Each structure stands twice: as C-alpha cells, then as structure tokens.
1. Return the residues of the range 100-134 that are among the aromatic types (Phe, Trp, Tyr), in a helix (DSSP H, G or I) and either in contact with a Phe, Trp or Tyr (Cβ under 6 Å, 6 or more places away or on another chain) or over 30 Å from ALA6 (Cβ atoms) (or both); say none if nothing qualifies.
2. For the range 125-152, how many residues meet the condition of being more than 26 Å from ARG72 (Cα to Cα) and within 18 Å of the chain's Cα centre (by Cα)?
3. Given the residues ALA136, ALA121, which is the only one that is in contact (Cβ under 8 Å) with a residue 60 or more places away in the chain, closer than 13 Å to VAL34 by Cα and small (Gly, Ala, Ser)?
4. Pick from ILE30, ILE60: which is over 19 Å from PHE100 (Cα atoms) and modelled with pLDDT of 95 or more?
5. Checking the condition among the hydrophobic types (A, V, I, L, M, F, W, C), farther than 30 Å from GLU12 by Cβ and modelled with pLDDT of 95 or more, which residue from LEU110, LEU96, LEU74, LEU149 passes?
6. Just a yes or no: is a residue in the range 79-97 touching a residue at least 60 places away in the same chain (Cβ under 8 Å), surrounded by 15 or more Cβ atoms within 10 Å (Cβ to Cβ) and of a type outside the set (Val, Ile, Thr)?
7. Return the residues of the range 16-55 that are in contact with a Gly (Cβ under 8 Å, 6 or more places away or on another chain) and within 17 Å of LEU84 (Cα to Cα); say none if nothing qualifies.
Amino acid sequence: MTDRHAGRAHLEMFLHAHELDFEEVNETTIAVVVPGEKKLTTTASFAFGDTTVAVNAFVIRHPDENDLAVYRWLLERNRRMYGLAYSIDHHGDIYLTGRFPLDAITDAELDRIFGSISEYADGAFNSLLELGFVTAIRREWQWRTKAGLSTDNLAAFAHLTDPDQSADPDQSAEPDRPAEPHRDH
C-alpha cells in the first residue's frame, strides 16, 4: 500500500470513528462535512498526492462590502493559526488551506486539523459576516421585522440593527453609523 493509500485509509477510519459524513470526489480526494454551530457546516476536501495531503475548506463567499478590512482581519489571524491559513480564490471567496506530509496523517494530527477547521471556519463566521455583510444583515432584519417574521437566527447581529442592543456601551457611534467592530490585537 502506498503512502497515499495508507493516508487515505487512515483518514477514512478516523471519519468513521468520529461519525463525520464524507464522500469520495475521485480516487485521490475525499470531501468531508464538518459540523458547526454558527456556520452550520463546512465542507473540507482532503486531496492526497504522492508525498502530501492538501486540505481546503470553504469558509465564506466574497464579502459584499468592506473587503479590505475582511482580508486584513484574516491576514492578522494567519500568523497565529495552526496548520491552516486563510486564502482567497480568484473570485475573492475565502478558504482555509493547508498541506501536510502524508506521514502526519495520524489520529492526533487529524484531530488538530479538524479542530482547526472548526475554530477557523465556524468560530470566525459571525465576525466575518459582521465585517463583510453588515448591509445585507440590516436589510434582512428590516424585511423580517416588517413582514412579521422571526429574527431569531439573526439574534447574534441584533447589535448591528437595534440601537438599544449596542455591543459596547463605551463606543460612541453616531446614530446612523454602526460602532466599529471589536478587533482582537
């Protein structure tokens, strides 16, 4: 059995043991559905080469607005991330990407890789929405409110739409201008 096949077999055993949904894309690639809380699922592909496995996970589409601030936010986080980094494609869509040696495909390393995917895709999802889609969030909130529909799934963004739900009372935002998003330094 080649290293590529051994690595793939080990990944499949790990996925079965952790009850993660996956499918074969082709002979060398497996797509895995990683469950989340804020971002309900993240699809990650594991492409096995002769000496490495490339990991790619879609995070979020190209921001509607404020794209430079979004990309800066991502780059600032890249320097302290494990194994994966944020990247963009030619459309500006945001991914997590990484490359690992085939002999690193152990249970412990796979646990770290999947933990990183969860943290960096799911954990950052609401912050990315706030930075890159605030106008769409406000429009959706207004539409649902006017139509008498629930805004429960937008509750995390109430501070962006309702002045009474200010995220930080010490920030002095003008009434028509949102408070600056919290930045982690």
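1. Of everything in the range 100-134, just one residue is among the aromatic types (Phe, Trp, Tyr), in a helix (DSSP H, G or I) and either in contact with a Phe, Trp or Tyr (Cβ under 6 Å, 6 or more places away or on another chain) or over 30 Å from ALA6 (Cβ atoms) (or both), namely PHE125.
2. 0
3. On the way: ALA136 fails: closer than 13 Å to VAL34 by Cα.
The match here is ALA121.
4. The match here is ILE60.
5. LEU74
6. Within the range 79-97, none of the residues are touching a residue at least 60 places away in the same chain (Cβ under 8 Å), surrounded by 15 or more Cβ atoms within 10 Å (Cβ to Cβ) and of a type outside the set (Val, Ile, Thr).
7. Within the range 16-55, THR42, PHE48, VAL53, ALA54, VAL55 qualify.
Residue-by-condition table, conditions (1) surrounded by fewer than 17 Cβ atoms within 10 Å (Cβ to Cβ); (2) not aliphatic (A, V, I, L, M):
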| site | (1), (2) |
| --- | --- |
| ASP3 | no, yes |
| GLY7 | no, yes |
| HIS10 | yes, yes |
| PHE22 | no, yes |
| ILE30 | no, no |
| GLY36 | yes, yes |
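The values are calculated or read from the model by the stated rules, or taken from the named source; none is laboratory data. Values in this document were obtained by computation on a predicted structure and should not be read as measured data. Glycine also receives a Cβ, built like all others from the backbone with ideal geometry; neighbour counts cover every protein chain displayed.
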